[in-house]
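A short worksheet on the structure shown next.
Readers should treat all values here as calculations from the given coordinates under stated rules, not as data from a laboratory. Computed from a predicted structure; not experimentally measured. Please note: Cβ atoms are built from the backbone with ideal geometry, for glycine as well, and neighbour counts cover all protein chains shown.
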Amino acid sequence: MSLILFDFDGVLADTLGDLLQFGQEACNELGVNHVATVEDLHSLEIMSFATYARQLEVPDHLVAEFVRRCLGKFAEKKSPPEIFKGLDTLIRSLSAGNNISIITGNSSKNVNAFLTAHGLDGCIHTVYGVDSPGSKVEKILMAQKRFAAEGKAIFMVGDSASDIHAAKEASIISIAVSWGHQSAQTLIFANPDYLVHSPEELYRVIKEVGSE
């Protein structure tokens, strides 16, 4: 029984449009003269709302307010983000024989609403959101202590260089997905253990490596 840790934005949830829209709205509200583009997200090594704010040229004293406003806009959205095609089936299949948790820079509330809307709330053991204390590495270690079976594989599935670096620091297997917010070139440069391009390929890697 492997432990599989998923990032949320750009891995499970297709939030690119929301991130651009909400980031632009927050900039406009805070008087920041910057046009949010896909390249702003692609260029981030560390994927978080705080680093996104700085990429959008939000002054340091307004970063926390930018984060608060973006998270609030996600929470106020009438419908949750779409799930990437095939990820709902993947999660249900993997949950049958593995422990699954989510580690994200989004809020636990927003993630749980997404999981409920897509019928996946029963498949996930815990959500470690931005409201949970600790760095990404610390959250990985907390999940490992709580859910990992001795001698079994532990995976971090993410779409950013920071996910890969955190996995390496925690000495677990890193799997980068190419359908998220960062470019494949950025992911390759971060040297993940695996780079996958579809949910089917992700499933094969986890099953093959987890059975070793």
Given backbone amide H placed at 1.01 Å from N, residues whose amide H is under 5 Å from that of S2, ignoring those fewer than 5 places away on the same chain, are N99
Could you give the dipole magnitude of segment 16-76 about its Cα centre, charging the beta-carbon of Lys and Arg +1 and that of Asp and Glu -1, in debye to the nearest 20? 120
Could you give the length gained by full extension between S198 and L16, i.e. 0.36 nm per residue of separation minus their alpha carbon distance, to one decimal place? 63.8 nm
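Can you tell me how much longer the chain between H125 and R54 gets when fully stretched, taken as 0.36 nm per residue apart minus their C-alpha distance, in nm with one decimal?
Taking H125 through R54 to full extension adds about 22.3 nm, to one decimal.
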To make sure I understand the rule: partners must be aspartates and glutamates, Cα under 12 Å from the Cα of K85, and not fewer than 8 residues away in the same chain. Which ones qualify? D14, E200
Partner lysines for K152 [C-alpha distance under 24 Å; skip if fewer than 8 residues away on the same chain]: K136, K139, K168, K207
Between segment 191-209 and segment 91-106, the alpha-carbon center distance in angstrom: 15
Here the gain from full extension of E65 to E208, 0.36 nm per residue of separation minus their alpha-carbon distance, amounts to 47.1 nm
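Determine the shape class of segment 66-192: with a ≥ b ≥ c the square roots of the Cα gyration tensor eigenvalues, call it rounded for a/c under 1.5, and otherwise prolate if a/b is greater than b/c, oblate otherwise. The partial results should precede the final answer.
Details: a/c = 1.39, a/b = 1.20, b/c = 1.15.
Taking the square roots of the gyration eigenvalues as a ≥ b ≥ c, segment 66-192 is rounded.
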Magnitude of the charge dipole, the chain, Cβ model with Lys/Arg +1 and Asp/Glu -1, debye to 20: 560
Let me check against my output: what whole-number percent is the relative contact order of the chain, with C-alpha pairs under 8 Å and at least 6 apart? 27
Relative to the first principal axis of the alpha-carbon coordinates of the chain, what is the inclination of helix 63-76, with its axis defined by its Cα atoms, in degrees from 0 to 90 and to the nearest 10? 70
Would you list which lysines come within 21 Å of K78, measuring only between C-alpha atoms, while excluding same-chain residues fewer than 8 positions from it? K109
Whole Å is fine, so just give me how far the alpha carbon centre of segment 17-79 lies from that of segment 130-164. 25
When the chain is modelled as a GNM with alpha-carbon springs shorter than 10 Å, which of L62, L71, L195 fluctuates the most? L62
Most mobile listed residue (M142, M156, M47) in the chain, GNM with C-alpha springs under 10 Å: M142
What does the C-alpha gyration tensor say about the overall shape of segment 8-79? Classify as rounded when a/c is under 1.5, otherwise prolate if a/b is larger than b/c, or oblate. oblate
May I ask you to derive the relative contact order of segment 59-135, considering only C-alpha pairs under 8 Å and at least 6 residues apart, and to give it as an integer percent? 33
Given that just one value was derived from the coordinates, which of (1) 54, 35, 30; (2) 49, 43, 31; (3) 50, 47, 29 is Cα extents along the principal axes in Å? (1)
